[in-house]
Amino acid sequence: MKTGLIIAFVCLFSSARSDAETGRGRMELLLAAPSIQNLVQLVSTNVIESPAIHSFWFTESRVVPAARSEAEIARQLGRHYLELVDQAALSMPALTNLVECQAATECLLAAAKWIGTPVGYENTLLAARTHDVATIPMGRLLVSPSFPAAQSLELVRQLGARWYEVEFRALVLNKEAEFELFPQDAAVATTQVEIEKIWTVGLMRRRLSKHELLEKCAALGLSSQQRRIEHFVDKNFFFTDSPKTSSHTTLERWNLKNHAAFVYGYEPSNLQLVLSLARFRALVGHIPGPVAHTQHPFASQLEAAFEMAWRPFQAKEGPIYGYAHDAYVKIMNDAFLDQDASLLKMRADADRAANKVKYPRLRAADK
């Protein structure tokens, strides 16, 4: 009997070690991927699931020492994945035809779906970053008359992922907190207003007395959660984010703490633009040219043409022609950028402006 138990234990231990070694081997395989295309191919061929990737704050302060090595390897993979996405973003201007644009779009959408499947802090931010980059080649497809409108709609529908929804964001925050700070009652949907109220009280807790906290919770309709918030905030720094995270690129924010992003949302603005343009093109059937009249309350004749073409659909679909117009103009003028690229461009423009002030051109008389 004892011999049987020993054999069973040895087999179980050997199996666990084998699984761990297999997992490490798979992570090493992905860490060696030279491109996002290669990584997508590897995870598809070898059926590799993305690990849940915690924030740097959670990994350093909440993960127990025995599990920290695994959590750190997951973060290494997340950073490598982000570098591959950034590398892909830099290659977007070199795409020369619709076939390349479609391949790049589909690859990035597949990568986002893979990395965004686990409920993890970094997983969702990485997936959002990937979607943002995917809108660049997708935009080129949308403005091409030869690319089918139905196919355009199918591509943009894949941008409507669960990780942008408030319930999912609240779930991620609760996992980071290891505490049900934001209600997860299946019978009562978590709302944006509710999550923002709890966050507001949490930010104020450290400078409020218990009586002031009680009054604030009552004013916001959170009296039933006052004890939970008070107990939770007193124990850790969950509500204390890194400063000025909005002025950093995704890679620069890698080790920063930004729980507020999950409260207020992190959906890239490009998503609304391409969704509107695809919907506009599918219903109108074409991209209109500038209208002939000059009297209209719009910034351009082209914007007026978009508004006129959209009138039959506005009552049911809403006034999305403005987003569609903005997307079209930016794409056609090579000014349609992902958020990180836009931020880097703003920095470069600011540096050039500062240099002009610092080093003004010499007047001809002074040369």
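When you check residue 337 against the structure, is it more than 23 Å from residue 148 (Cβ to Cβ), assigned to a helix (DSSP H, G or I), out of contact with any strand residue (DSSP E or B) (no Cβ under 7 Å at 6 or more places or on another chain) and in contact (Cβ under 8 Å) with a residue 40 or more places away in the chain, yes or no?
no
Which condition breaks for residue 155 when tested against (1) surrounded by 18 or more Cβ atoms within 10 Å (Cβ to Cβ); (2) modelled with pLDDT under 90; (3) aliphatic (A, V, I, L, M)?
The number of the failed condition is (2).
Can you confirm whether segment 81-99 contains a residue that is within 28 Å of residue 323 (Cβ to Cβ), of a type in the set (Ser, Thr, Tyr) and not in a helix (DSSP H, G or I)?
So far as segment 81-99 goes, yes, one or more of its residues are within 28 Å of residue 323 (Cβ to Cβ), of a type in the set (Ser, Thr, Tyr) and not in a helix (DSSP H, G or I).
On the given criteria, is residue 129 within 27 Å of residue 242 (Cβ to Cβ), touching a residue at least 60 places away in the same chain (Cβ under 8 Å) and of a type in the set (D, E, K, R)?
It is true that residue 129 is within 27 Å of residue 242 (Cβ to Cβ), touching a residue at least 60 places away in the same chain (Cβ under 8 Å) and of a type in the set (D, E, K, R).
Using beta carbons and a limit of 7 Å, which pairs, at least six apart or on different chains, have the first residue in segment 107-123 and touching a residue at least 24 places away in the same chain (Cβ under 8 Å) and surrounded by 24 or more Cβ atoms within 10 Å (Cβ to Cβ) and the second one assigned to a loop (DSSP other than H, G, I, E, B) and among the polar types (S, T, N, Q)?
Going by the 7 Å Cβ cut-off, the qualifying pairs are 115/50; 121/55; 122/55; 123/50.
Listed residues 172, 201, 133; which is crowded, with 16+ Cβ neighbours inside 10 Å, farther than 24 Å from residue 337 by Cβ and at pLDDT 95 or above?
172
Taking into account only those residues within segment 269-284 that are among the aliphatic types (A, V, I, L, M) and under 11 Å from residue 135 (Cα atoms), which is surrounded by the most Cβ atoms within 10 Å (Cβ to Cβ)?
274
Against the conditions (1) without any contact (Cβ under 8 Å) to a residue 12 or more places away in the chain; (2) aliphatic (A, V, I, L, M); (3) closer than 24 Å to residue 263 by Cα, where does residue 99 fall short? Just the number, please.
All conditions are met except number (3).
Among the residues of segment 48-77, what is the count of those that are among the β-branched types (Val, Ile, Thr) and exposed (fewer than 15 other Cβ atoms within 10 Å of the Cβ)?
1
Filter segment 275-298 down to residues that are polar (S, T, N, Q) and either in contact with a helix residue (DSSP H, G or I) (Cβ under 8 Å, 6 or more places away or on another chain) or modelled with pLDDT of 95 or more (or both), then give me how many there are.
Qualifying residue count for the region: 2.
Any idea which of (1) surrounded by fewer than 22 Cβ atoms within 10 Å (Cβ to Cβ); (2) under 20 Å from the mean Cα position of the chain (by Cα); (3) in a helix (DSSP H, G or I) is the one residue 160 doesn't satisfy?
Single failed check for residue 160: (3).
Where residues in segment 231-251 are at pLDDT below 95 and within 20 Å of the chain's Cα centre (by Cα), which of them is surrounded by the most Cβ atoms within 10 Å (Cβ to Cβ)?
Only one residue tops the list, namely 241.
The values are calculated or read from the model by the stated rules, or taken from the named source; none is laboratory data. Worth saying up front: this structure is predicted, and the values here are computed from it rather than measured. Positions of Cβ are backbone-derived with ideal geometry, glycine not excepted, and every protein chain shown enters the neighbour counts.
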